[in-house]
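I have placed the structure first, in the form of structure tokens, so that the comments after it can refer back to it.
The values are calculated or read from the model by the stated rules, or taken from the named source; none is laboratory data. A quick note: this is a predicted structure, and the numbers were derived from the prediction, not measured. As a convention, Cβ positions derive from the backbone with ideal geometry for all residues, glycine included, and neighbour counts pool all protein chains shown. Accessible surface is based on the protein model in full, side chains and every heavy atom, while ligands, DNA and RNA are left aside. Shrake-Rupley method; radii C 1.70, N 1.55, O 1.52, S 1.80 Å.
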Amino acid sequence: MTIEFRCSKLSSEANPPRSLPDLLIRTSADFEINIDGETLYDEPDFPVIELAASLANWAGRDAINRPDFDFDSMSTPDTGWVWLRRAAGGWRVGSIHQRHASLTVWSESEIQHAVSEFSSRIVRCVATCLKTDVLRWIPELGAR
């Protein structure tokens, strides 16, 4: 089984972004949580850089004491667009807007891999598409 956080069609209302708010709020992409080729959740115009930074920050914490993750975006009053919840033996992944429930429990290493891959893709995509070095604002993304 595999889990992926995917994005496509990155765009920014502020190109190039000149500040962290420009980067986090005015830059978006189509986003998807994919489990074994099946979409659990997808959203157009999603704040993927903000999510990548939040996930990387969360994943960088001590795994034993790490709290559940509920994405709290500046773009919406709703939390939980993406969530990771501790379960016996690992983590469950979902969204308040998911298409169906997923009871799969992912190991720490599987979650770390998914977060790291997503963060790395975001860094590369922003560098290519927006000619912007995300690491100058969010160094956690490249630390993996």
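Being open to solvent by 40 Å² or more (accessible area, probe 1.4 Å) and over 23 Å from Val105 (Cα atoms) is the filter here; which residues of region 26-42 pass it?
Arg26, Asp30
If we scan region 113-120, do we find a residue that is touching a strand residue (DSSP E or B) at 6+ places or on another chain (Cβ under 7 Å), part of a helix (DSSP H, G or I) and within 23 Å of Ala14 (Cα to Cα)?
Looking through region 113-120, at least one residue is touching a strand residue (DSSP E or B) at 6+ places or on another chain (Cβ under 7 Å), part of a helix (DSSP H, G or I) and within 23 Å of Ala14 (Cα to Cα).
Among the residues of region 62-111, what is the count of those that are in contact with a helix residue (DSSP H, G or I) (Cβ under 8 Å, 6 or more places away or on another chain), open to solvent by 50 Å² or more (accessible area, probe 1.4 Å) and not in a loop (DSSP other than H, G, I, E, B)?
The total comes to 1.
Within region 61-85, which residues are more than 15 Å from the chain's Cα centre (by Cα) and of a type in the set (A, V, I, L, M)?
Ala63, Ile64
Give the residue that is nearest to Val123 (Cα to Cα), with candidates limited to residues of region 10-20 that are in contact (Cβ under 8 Å) with a residue 40 or more places away in the chain and surrounded by 14 or more Cβ atoms within 10 Å (Cβ to Cβ).
Leu10
Restricted to region 113-126, and to residues that are more than 11 Å from the chain's Cα centre (by Cα) and open to solvent by 50 Å² or more (accessible area, probe 1.4 Å), which residue is modelled with the lowest pLDDT?
Arg124
Whether any residue in region 13-25 is touching an Asp or Glu at 6+ places or on another chain (Cβ under 6 Å) and not aliphatic (A, V, I, L, M) is what I want to check. Don't jump to the end; show me each part of the working.
From region 13-25, those touching an Asp or Glu at 6+ places or on another chain (Cβ under 6 Å) are 14, 24; that's our starting set.
Next, only the ones that are not aliphatic (A, V, I, L, M) stay: none.
Looking through region 13-25, none of the residues is touching an Asp or Glu at 6+ places or on another chain (Cβ under 6 Å) and not aliphatic (A, V, I, L, M).
With (1) surrounded by 12 or more Cβ atoms within 10 Å (Cβ to Cβ); (2) within 18 Å of Cys129 (Cα to Cα); (3) free of Cβ contacts under 8 Å to residues at least 60 places away in the same chain as the list, and Ala52 as the residue in question, which single condition is left unmet?
Failing condition for Ala52: (3).
Restricting to region 28-65, give me the number of residues that are modelled with pLDDT under 95 and among the hydroxyl-bearing types (Ser, Thr, Tyr).
2
Out of (1) exposed (fewer than 14 other Cβ atoms within 10 Å of the Cβ); (2) touching a Pro at 6+ places or on another chain (Cβ under 9 Å); (3) in contact (Cβ under 8 Å) with a residue 60 or more places away in the chain, what's the single condition that is false for Leu23?
All conditions are met except number (1).
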